[in-house]
Amino acid sequence: MSTDCPVALLDTNIWLDYYDHDRLGHTNALQLVNELEKGGFTIVYASTSAKDMFYVLGSTLKKKAQEQSGQLTQRQAEAAASAAWGCLRNMTAIAVASPIGEPQIWLAEHMHDLHDDFEDNLILAAVETSKADYFVTNDTMLLGKSACPAFTCADMVAFLQTPRA
């Protein structure tokens, strides 16, 4: 465990909650990032999370625009892409990428018996190879499978707000 600057790796679902105001976990994710920054944490994401957050957020914004107006205009599509780019820029400004490369792919493959979802295993491999002190995810299937203590977003906020002796 890092005592000087603890490391918290946030799962893709936490980043989506953070940037999408309509998701149920948005308030908790905002509070989590604020608490981590206040606490001097190094905030980390698996490099695959950047791609996934960008794609899912952009697609979600386009879908919302289309549902509101009945069609997706070029201007709406450009606005959705611009918003996704802005969120990506913010994510890379406040957090550090944990690379996903050959070692993480190897590790994810070897986690197959532990967990059968390769994408989730890449996140777990990033947790392990980044030497994260904490893993935050709202995927309850991953909570007991991390190499370090894992919390839901709400539980991590509560943990961070608990006075320490």
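The values are calculated or read from the model by the stated rules, or taken from the named source; none is laboratory data. Here the structure is a predicted model, which is why all the values come from computation and not from measurement. Note that each Cβ is placed from the backbone with ideal geometry, even for glycine, and that neighbours are counted across all protein chains shown. For the accessible areas, the whole protein counts, side chains as well, though only heavy atoms, and no ligand, DNA or RNA atoms are used. Shrake-Rupley method; radii C 1.70, N 1.55, O 1.52, S 1.80 Å.
Counting every pair of alpha carbons in the range 97-165, the share spaced more than 19 Å apart comes to 35 percent. In the chain, what percent of the accessible surface is made up of carbon and sulfur (1.4 Å probe, ligands and nucleic acids excluded)? That share works out to 55 percent. The length gained on full extension between CYS5 and TYR55, counted as 0.36 nm times the residue separation minus their Cα-Cα distance, comes to 14.9 nm. When the surface is traced with a 1.4 Å probe over the full set of protein chains, THR42 keeps roughly 40 Å² accessible.
The largest accessible area among VAL7, VAL56 belongs to the first residue in VAL56, VAL7, and the rest follow in falling order (1.4 Å probe, all chains). Here r is the Cβ-Cβ distance between SER47 and LEU72 and R0 is 30 Å; the resulting FRET efficiency, rounded to 0.05, is 0.55. Close amide H pairs (under 5 Å, H built 1.01 Å from N) link VAL7 with SER2, THR42, ASP133, TYR134, residues at least 5 positions away or on another chain.
In this simple spin-label model, placing a label point 7 Å from the Cα along the Cα-to-Cβ direction at both ALA79 and ASN34 gives a separation of 2.7 nm.
Using the Cβ-Cβ distance between ASP155 and HIS26 with R0 = 22 Å, the FRET efficiency computed as 1/(1 + (r/R0)^6) comes to roughly 0.85. Rg ratio for the range 1-152: its Cα radius of gyration over 2.2 N^0.38 Å, N being its residue count, equals 1.09. Largest accessible area first, the residues LEU160, LEU142 order themselves as LEU160, LEU142 under a 1.4 Å probe with ligands, DNA and RNA left out.
Which parts of the range 13-31 would a label at LYS63 reach, counting a residue when its backbone N lies under 17 Å from a point 7 Å out along Cα-to-Cβ? Answer for the range 13-31: 13-26. Please work out the average accessible area per residue across the chain, using the 1.4 Å probe convention, and give it in Å². Averaged over the residues of the chain, the accessible area is 54 Å².
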